[in-house]
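Colleague: Okay, handing you the structure first.
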Amino acid sequence: MAKRWTPEEDALMLKMREEGYTAREIAAALPERTYAAVRTRIASIAPDNRYRDWETDRKSTRLNSSHRL
C-alpha cells in the first residue's frame, strides 16, 4: 500500500518546482518517492501548472541540502 503524501512533501515539491528543479531532482529529495509518483502528485495538486518541460527547465542540477526531507 502506498504511503500517504504529507503536507510537508507537497509544500517541498511545489517550492522546488517553483525554483526550477526537475521532477527527477525533486524525487531525489524525497527518498521514499519515485519520479513517477512525484510527477503524478504535482499534477494532482497543481493541475493549472502543466510542467511541460520537467526535464529541460532546470535552475540547478544539484540539490541543496535544505531541500531534503
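Where a number appears in this text, it was derived from the coordinates with a stated rule and is not lab data. These figures come from a predicted structure and were not determined experimentally. As a convention, Cβ positions derive from the backbone with ideal geometry for all residues, glycine included, and neighbour counts pool all protein chains shown.
Colleague: How far apart, in nm, are the 7 Å Cα→Cβ label points at A46 and E19?
Modeller: With each label placed 7 Å out from Cα toward Cβ, I get 1.3 nm.
Colleague: Could you order the peptides 21-30, 1-10, 34-43 from most to least packed, using the average number of other C-beta atoms within 10 Å per residue?
Modeller: 21-30, 34-43, 1-10
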